[in-house]
Amino acid sequence: MLSTNAKNPLIKQASMIHYQIHQMINELEYRHQQNENSKSVYRKNLLEDSLHYMRKNANVLLAKLTSAQQIDSYCYKMESAWLVRKAIRELKNDIKSLELSGFAIKNQSKVLSLEIENFKRLFAPWVKTIQPKTGEQDEWGFI
C-alpha cells in the first residue's frame, strides 16, 4: 500500500515516525529484558502498557493516513485525519511519560519530537484540502 504513495511527503514523514517508534520500542524491550529482575511490577507494567499503545498508535498513524489518501470520501478522510491527530498526540504523551519515568532514550525522544513537528507542518495543509464533493451525503448527517 505504501508504494503507491512513496513520493508523498506526508506519507514519507509518517513512515519515518512509524519506523522510529518501532526502533524505540525494540530498544526499550531489549533493555527491559536485560534488566527484568531489577524493576518493580509497577514499572514493568507501565513500560509494557506504554509500548503496547505506542505500537498501536504508530500503526494507526500510517494505516489511516495511507488509506485516507486512497479513498475518495470526505467523511472517511476527516475521520482518518482525526484518528491520525489523536494517534500523534498519544504518541507524544507516551514518549513524554516514558521519558519522565526514566525509560525513554533521550536522543531518540528528541528526534521523534522533531519528526512529529515536521509531520504536523505537512499534515495541517493536507487537512485543509479535504472538501466534500457536491451532492456527497453521509448517512450520519455530518454532511
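Since every read-out is calculated from the coordinates, none of them should be taken as a lab result. Quick caveat, the model's predicted, so the values are computed rather than measured. Methodologically, a virtual Cβ is constructed for each residue, glycine included, from the backbone with ideal geometry; neighbour enumeration extends over all protein chains shown.
Ignoring the sites themselves, the chain has its longest run without trypsin sites (Lys or Arg not before Pro) in a DSSP loop having at most 12 other Cβ atoms within 10 Å at 8-132. Longer than 28 Å from Cα to Cα, which of LYS56/LYS110; LYS12/LYS128; LYS77/LYS106; LYS44/LYS77; LYS44/LYS92; LYS96/LYS133 are they? Say none if no pair is. Too far apart for the 28 Å limit: LYS77/LYS106; LYS44/LYS77; LYS96/LYS133.
Of all segments of the chain bounded by GluC sites (Glu not before Pro) found in a DSSP loop with no more than 15 other C-beta atoms within 10 Å, the longest spans 1-135. Each Lys and Arg contributes +1 and each Asp and Glu -1, all at the Cβ; summed about the Cα centre of the chain, the dipole is approximately 440 debye. Any chance you could give the angle, 0 to 90 degrees and rounded to 10, that helix 41-70 forms with the longest Cα principal axis of the chain? Long axis of 41-70 versus the principal axis of the chain: about 20 degrees. Across the options SER109, LEU47, LEU65, the greatest Cα extent toward the positive end of the charge dipole of the chain (unit charges at beta carbon of Lys, Arg, Asp, Glu) belongs to SER109.
With the helix formula -39500 (n - 2.57) applied to DSSP H stretches of n ≥ 4, the chain reaches a computed 222 nm mean residue ellipticity of -26500 deg cm²/dmol. Relative to the dominant Cα principal axis of the chain, helix 106-128 is inclined by about 10°.
Taking the longest Cα principal axis of the chain as reference, the axis of helix 9-34 is set at about 20 degrees. Specify the inter-centroid distance of segment 93-133 and segment 57-83, based on alpha-carbon positions, in whole Å. About 16 Å separates the Cα centre of segment 93-133 from the one of segment 57-83. Springs join every pair of Cα atoms under 10 Å in this Gaussian network model of the chain, and among SER109, SER50, SER40 the largest mean-square fluctuation is at SER40.
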